[in-house]
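The values are calculated or read from the model by the stated rules, or taken from the named source; none is laboratory data. Here the structure is a predicted model, which means the values were calculated and not measured. Note: ideal-geometry Cβ built from the backbone for every residue, glycine included; neighbour counts use all protein chains shown. The area values use the complete protein model at the heavy-atom level, side chains included, leaving out ligands, DNA and RNA. Shrake-Rupley method; radii C 1.70, N 1.55, O 1.52, S 1.80 Å.
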Amino acid sequence: MASTTSSSSRNILTNALRGAGLMDRDERMRDIQDKPGGRKGSSKIRAHRQRPVDNYKDQASGPSRVSMLTSRASSSEPLSIRGASRPTAAGRIRRNAVSMNTSKVPGMPATSTTNVGIKVMDQWREFVRSRYNRETKFLNLERMLDDPIVQKHNLLVPGVPGSSGKETAIMFKLAAQLRPAVQTLSLANNHIQSGKDISSIGMFLPKLANLSLANNQLKAMDDIRLLTREKNKLDFLRELVLTGNPIKGDDPANTEQYRRDIVKRFPALEMLDNEPIVKVGFDAPIPHTNSSHRLTPVPTTNSFACPMGASFLTGVSGGVVSDFLTRFFTLFDAQRSELLDVYHPAATFSFSANTSIPPRARIQGLHSTLPNQRNLKWDVWVGGGNGGSRNLTRVGNVDKMAQSLHVGRENVIQSVLGLPQTKHDIAGSPSAFCLDGWLAGSTLFVTVHGQFTEEPVSALRSFDRSFVLAPAADDSRAKMKGWAVEILSDQLTVRGYSSSDAWTPGPMIVQPIVASKGSQPPSLEAALASVPEPQREQVARLCQQTGLNVKFAVDCLQQNGWDHERAIANFAQVKGSLTRDAFL
Amino acid sequence: MSTLTRDDIEIATRAADQFTRLYYSTYDSPARTIDLPKFYRPSSAITWNGNPFAGANGIRELLADTPITKHEVQCFDCHPIPGSQPPNLLVTVSGTVTHGNPPTVPSTNNAKSKNVDGQPRVFSQTFVLVPDPSAIPAKTGEVAKYYISADALRFVG
């Protein structure tokens, strides 16, 4: 077991190492000579809180230090684990400190007393650099406890009592400074027990491609969840190894579920535990690791390419589509079981609830003024329809994913019968609905946007519904019941109500026009006239947002390369020091 | 026509998840006019609010004349369409999109706060994704490479 897992942990890096030879521990000699650390580190760690204990030297002593020391010593046996030269416990405490002393007098030579924090950072940096192979972009942090540098400086790597996520965060932060950027990271064989030890990987190495956590003590999916939190998730991770952790379990029956749970969390994952993940690919842009894409001009247009257009059908007669939709929605409202005929025997159906409040409808007060809106409840959709909403941004469970997709016409009817009653006012104003349809081969795609009244609440909902239709085969139930087409796929999205004005044909406004004539004070308008046309609107916007006058707004924008957000941020920094004449 | 297997459903779901993330982050990126057309082929049919565009060039043209965007995907769903193997995928997405710079904090002035200009719109977008028989899967475990064969977008709120 141990030998297979440790060899598999090495396999992760086959690609990275191919053609470059194996990582040689002695690489560190080269890197150490390559000026490790330096002063740079001091400014990078300012965020860490300074602790008074940082200032103590080994020889120094005091009551507070003694008590800390005692508690430390009683709870740990780190030194015997390492069997290395036994430094004083006080030294350990001092070196725990990751903060630095910032009270050093500029120009004065640093004393050992004030320089302790920097020294610790330098030790970490020495260690991280010694483990980096630039050619393969491989940071090998395996078996850190055995490392001579770790032992020499008593660095608090995972597995040493008293270590915390903080120390690993330092390593990953230093790793983020390595050039070329780290592509592969191995933390195999490190006694890592908690997701906290690895939670900062995504923050510091967001573009990481390969990660091995083999042969650690990660037990729960929650530990992995910490790797993929909101902003710090590893969206570009291609390969992950978790073999030799309790989380994987020994029962092969659970392996499927484990793999699904992991795969769901890492969108780019291709290999898990040395086995490929079956999936489909896209010609997606590869993540930019340099800044070349910044050379692309950002479009500055403030209008749309086209106005909102009317319903659009191509390759198909409007009659076929409207006959289908009229009959479909009439039956959907009145007699859903009759729809059995129009679904293909292998048809698919699902519905999704988009429960977010539409921003424009909220501003217009539609949900507070229209009748009965407040009585609408989402649970009839979220949990209804014999399997519940299939909004895949919410559905995490693999079983639920399968249950909420209804395959086969009998299952489709079972599902729609479990949904709330509806009234689609198809005989009413045609502008209440909008559709786009096109023919591809013999397959017809139709998307309908519109609204219905949900019963028994009698309040409006908006919906989008996409159908994939095929000509009804001669011997099909659909044909026999007089349908020209039959349904292959049917996807319904139910949303909070928005007015059908959204698709009224005509020009659409991108941004409110803030610099329009008459809306500005006369003095501002006159001053704006002196600004060249292309920049006038931006200047006017900044004036409105900040209260700056035109002269200072132009200065501020110029100093920030006409980057509006930077200008705003810059203003926020300096506004306290501006005098009255900077403002309108 | 064979019935869909659980595997088909899972692969489709995973594909949609990956697709929506990639597609909208590309759409919102400064390099969108270079990167977004890669999802399309010359034959792709596109309708944007009822206006037709054709193929990768069409989307490039459209993007060149569209304000910068910020999409928030709130809801998506995906079916493997019965009758094809590997299956074509029907993906529907809804969410909000902000055009141009995000709106400033709504004014306390009552009359002004009713102004929806510059506020996020609700969008609904339907894609048909199909496997490209000529593309060689490049990555480990990839069963096929997909592209957008059809794309219909509407602002709906």
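Worth pointing out:
- Of all residues in segment A:359-377, exactly one satisfies the criterion of being among the small types (Gly, Ala, Ser), farther than 18 Å from residue B:95 by Cβ and open to solvent by less than 30 Å² (accessible area, probe 1.4 Å), namely A:365.
- Only listed residue being open to solvent by less than 40 Å² (accessible area, probe 1.4 Å) and touching a helix residue (DSSP H, G or I) at 6+ places or on another chain (Cβ under 9 Å), chosen from A:452, A:463, A:445: A:452
- Those residues of segment A:378-409 which are charged (D, E, K, R), in contact (Cβ under 8 Å) with a residue 24 or more places away in the chain and open to solvent by 10 Å² or more (accessible area, probe 1.4 Å), in sequence order: A:409
- Residues that are of a type in the set (A, V, I, L, M, F, W, C) and either under 22 Å from the mean Cα position of the chain (by Cα) or open to solvent by 50 Å² or more (accessible area, probe 1.4 Å) (or both), drawn from segment A:156-182: A:169, A:172, A:175, A:176, A:181, A:182
- Among the criteria (1) under 27 Å from the mean Cα position of the chain (by Cα); (2) open to solvent by 10 Å² or more (accessible area, probe 1.4 Å), the one residue A:431 does not fulfil is (1).
- In segment A:561-573, the qualifying residues are those that are over 16 Å from residue A:543 (Cβ atoms) and over 28 Å from the mean Cα position of the chain (by Cα), and the one that is most open to solvent (accessible area, probe 1.4 Å) is A:573.
- All told, residue A:196 falls short of being open to solvent by 30 Å² or more (accessible area, probe 1.4 Å), more than 13 Å from chain B (Cβ to nearest Cβ) and in contact (Cβ under 8 Å) with a residue 60 or more places away in the chain.
- For segment B:1-54, a residue qualifies if it is more than 15 Å from the chain's Cα centre (by Cα), open to solvent by 60 Å² or more (accessible area, probe 1.4 Å) and either more than 7 Å from chain A (Cβ to nearest Cβ) or closer than 30 Å to residue A:506 by Cβ (or both), and the qualifying residues are B:2, B:5, B:7, B:42, B:43, B:52, B:54.
- Residue count for segment A:321-349 under the criterion of being part of a helix (DSSP H, G or I) and either more than 14 Å from chain B (Cβ to nearest Cβ) or open to solvent by 60 Å² or more (accessible area, probe 1.4 Å) (or both): the result is 20.
- Residue check, residue A:159 at pLDDT below 95 and closer than 19 Å to residue A:217 by Cβ: yes
- Of all residues in segment A:533-558 being open to solvent by 20 Å² or more (accessible area, probe 1.4 Å) and outside any helix (DSSP H, G or I), the one that is farthest from residue A:575 (Cα to Cα): A:549
- Residue B:87 being touching an Asp or Glu at 6+ places or on another chain (Cβ under 9 Å), modelled with pLDDT under 90, open to solvent by 10 Å² or more (accessible area, probe 1.4 Å) and more than 18 Å from residue A:363 (Cα to Cα): yes
- Residue under evaluation residue A:510, criteria (1) hydrophobic (A, V, I, L, M, F, W, C); (2) modelled with pLDDT of 95 or more; (3) touching a Gly at 6+ places or on another chain (Cβ under 6 Å), criterion not met: (2)
- Among (1) over 18 Å from residue A:493 (Cα atoms); (2) of a type in the set (S, T, N, Q); (3) crowded, with 21+ Cβ neighbours inside 10 Å, the one test that residue A:352 misses: (1)
- For the residues A:419, A:392, the requirement of being aliphatic (A, V, I, L, M), at pLDDT 95 or above and in a loop (DSSP other than H, G, I, E, B) singles out A:419.
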